[in-house]
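Throughout, read-outs are computed from the coordinates displayed, never taken from laboratory work. Because the structure is predicted, anything quoted here is derived from the model rather than measured. Note that each Cβ is placed from the backbone with ideal geometry, even for glycine, and that neighbours are counted across all protein chains shown.
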Amino acid sequence: MGIYGRHFCLPACLPSPTEPDHPPHRSCFPFRVAPPRSLHLAAMMPDLPFLPFCTLLGSLGLGCVAFVGAWCQHWRGGFAWDGSARMFNWHPVLMVTGMVVLYGAAALVYRLPPAWRGPKLPWKMLHSTLALTAFILAVLGLVAVFNFHNASGTPNMYSLHSWLGLATILLFSCQWVAGFSAFLLPYAPTWLRALYKPIHIFFGSTILMLSMASCVSGINEKLFFSLKNGTASVPYKLLPPEAVFANILGLLIILFVVLVLCALANPSWKRPEADSLDTHQPLLGAEH
Ligand code: HEM
């Protein structure tokens, strides 16, 4: 199927009960209007069906959680909530689960084909709930590492990882509050929502990339701390099985994030905006 047929005759142009005589969508008439800029990107993207891709992403996300859990359980002594090194182990697990896997899932909510039809509000609620859950897990992850540091007399916030990680969480909290206020509360005017939406999308991807960088730097740092020359039976530079395992975890996280970003960038998986009548429907406002 040609590019135009595949990307621009999706549900946007099917008869809609709410918009039977809709004005021509730009996308309905590929040969009468100039193609949008994103078409060039569309032509470069592989022609993959979304749902199998999503299943792959889901398995990869579960794989990341399983790997980080297995690392902490098998090599780092398991879990506790008592200020010990076993409390620290919650930090990587909660961060990877919240800031990478759940956050990535939240970012993809509007790419699900069922989200293209009907009211947008339930999908907005799902998006913000997943993001809020990710945020709560991240805060618990921070509590775990700060408690561990305080209990063991280790200074706080000295490493590049800690600066980058905290900056990521702060940006994420601003993003959530701004998104909730603009898109779910009824007070923001429509023009402000339209102005803010591309900014929200840009920072959404940026925060995911920063989370990936935080995780990779954290894994690296933890391996250097734990597999130091002299204290570990096999030091990091001799690549013990733990290091191989944690290095693979880092690669899985990178692969997951790259695939989420690919899915977000693929124009043929985007919700056709012309069809979403309630793009600006707030949580507390009247339903149109
Ligand atoms: C988005 C993900 C992550 C964020 C936002 C994050 C954030 C932070 C922050 C703010 C600290 C400083 C705590 C303090 O100073 O008391 C910290 C410490 C630490 N984190 Fe993470 N982290 C993340 C993922 C990870 C992962 C996956 C690991 C892997 C083991 C990890 C390992 C560490 C280690 C070893 C420390 C203690 C040393 C230090 O302060 O740099 N982090 N993290």
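Fewest neighbouring Cβ atoms within 10 Å first, the residues His149, His127 line up as His149, His127. A full extension of the chain between Ala194 and Val244 corresponds to an added length of 13.4 nm, given 0.36 nm per residue minus the alpha carbon distance.
Tell me the relative contact order for the stretch 50-275 as a rounded percent, counting alpha carbon contacts under 8 Å between residues six or more apart.
Dividing the mean separation by the residue count of the stretch 50-275 yields 28 percent.
Projecting each Cα onto the charge dipole of the stretch 50-275 (Lys/Arg +1, Asp/Glu -1 at the beta carbon, about the Cα centre), which of Phe148, Trp191, Ser173 comes out farthest on the positive side? Towards the positive end, the residue furthest out is Trp191. Between Val258, Pro241, Ala182, whose Cα lies farthest towards the positive end of the dipole of the stretch 50-275 when Lys and Arg beta carbons carry +1 and Asp and Glu beta carbons carry -1, centred on the Cα centre? Positive-most Cα among the choices belongs to Ala182. Give, as ranges by residue number, the residues of the stretch 109-145 whose backbone N falls under 19 Å from the point 7 Å along Cα→Cβ of Ser159. From the stretch 109-145, the list is 138-145. Look at Met87, Met95 and count the other Cβ atoms within 10 Å of each Cβ; fewest to most, that gives Met87, Met95. Sorting the segments 131-138, 162-169 by their mean number of nearby beta carbons within 10 angstrom, highest to lowest, gives 131-138, 162-169. Take Glu221, project a point 7 Å from its Cα along the Cβ direction, then tell me which residues of the stretch 121-151 have their backbone nitrogen under 19 Å from it. Inside the label zone: 137-151. Evaluated with a Cβ-only charge set (Lys, Arg +1; Asp, Glu -1), the stretch 50-275 carries a dipole of roughly 340 debye about its Cα centre, given to the nearest 20.
Considering only Pro92, Leu121, Val65, and ranking their Cα positions along the charge dipole of the stretch 50-275 that arises from unit charges at the beta-carbon of Lys, Arg, Asp and Glu, the one farthest toward the positive end is Leu121. When each of the peptides 109-120, 254-265 is scored by how many other beta carbons lie within 10 Å of its residues on average, the order from highest to lowest is 254-265, 109-120.
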